[in-house]
Amino acid sequence: MSMESKTWATVTMVSLLILISSSLSGCLEEESSELYNSSNDPDPISQDCLNHDGLARHDHATLQIFINGEQEVIPENVGIMTDICNKDGEEMHAVHTHDSSGKLHIESNEDIDIPIGVFFDIWGHHFDETGIFEYRVNSTHELIMTVGGQQINEYDDYLLVNTSDIIEIRYQEK
């Protein structure tokens with residue numbers, strides 16, 4: 001094999017190794033950068049099933065979510081007839097919707113405090129001080145939560161109460 005052929009063979013091998021290495025590196029980065037989802041570690045209240053009989057608590061609140069200025073639709077029937085709550089007489093979770101208006105129904109057979117994080121656990125979406133859905137707080141974006149126009153910092157720990165005040169969550173550019 002001539003010297004020129006050996007040189008080109010070496011260049012080709014090194015190029016292939018670099019290409020393979022960078023491809024594998026990209027795969028490893030994707031795996032390790034999987035986003036934490038708070039709903040994968042649900043609050044025990046989110047697993048409770050009930051119906052309208054014998055309620056100790058039946059309150060309402062309105063939730064609005066905005067991602068980069070666009071309002072998100074909160075679907076109807078979140079928390080009704082799910083994989084967990086699907087038995088006759090026990091088909092609803094403690095926090096659920098009946099329509100897509102953003103009105104949350106907060107119900108329990110016991111008079112207990114229920115944080116808004118329970119709704120997100122039931123819905124199967126991430127929400128805490130680090131972000132909402134797949135959006136995360138970073139150097140360019142922030143998460144702002146208000147109740148009745150007043151900024152709060154409880155995020156997923158905010159206790160749902162019977163209120164006409166709108167709970168608003170905004171993920172937006174700083």
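Values quoted throughout were computed directly from the atomic coordinates according to the rules given, and no laboratory measurement underlies them. Keep in mind the model is a prediction, meaning the values are calculated, not measured. Cβ: placed from backbone, ideal geometry, glycine included. Neighbour counts: every protein chain shown.
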Among segment 122-155, those whose backbone N falls under 18 Å of a label point 7 Å along Cα→Cβ from Asn68 are 131-144
FRET efficiency (Asp88, Asn162; Cβ distance; R0 30 Å; to 0.05) is 0.60
Taking segment 87-140, the whole-percent share of alpha-carbon pairs separated by over 15 angstrom is 59 percent
In nanometres, the difference between 0.36 nm per residue of separation and the alpha-carbon distance of Glu134 and Asp111 is 5.0 nm
Length gained, Glu76-Ile144, 0.36 nm per residue minus C-alpha separation, equals 22.1 nm
So, with points 7 Å from each Cα along the Cβ direction, the Arg57-Asp99 label distance in nm works out to 2.5 nm
The whole-number value in µm²/s of the Stokes-Einstein translational diffusion coefficient for segment 52-174, with Rh from the Kirkwood sum over alpha carbon pairs at 20 °C and 1.002 mPa s, is 143 µm²/s
Residues whose modelled amide H sits under 5 Å from the amide H of Asp165, counting only those 5 or more places away in sequence or on another chain, are none
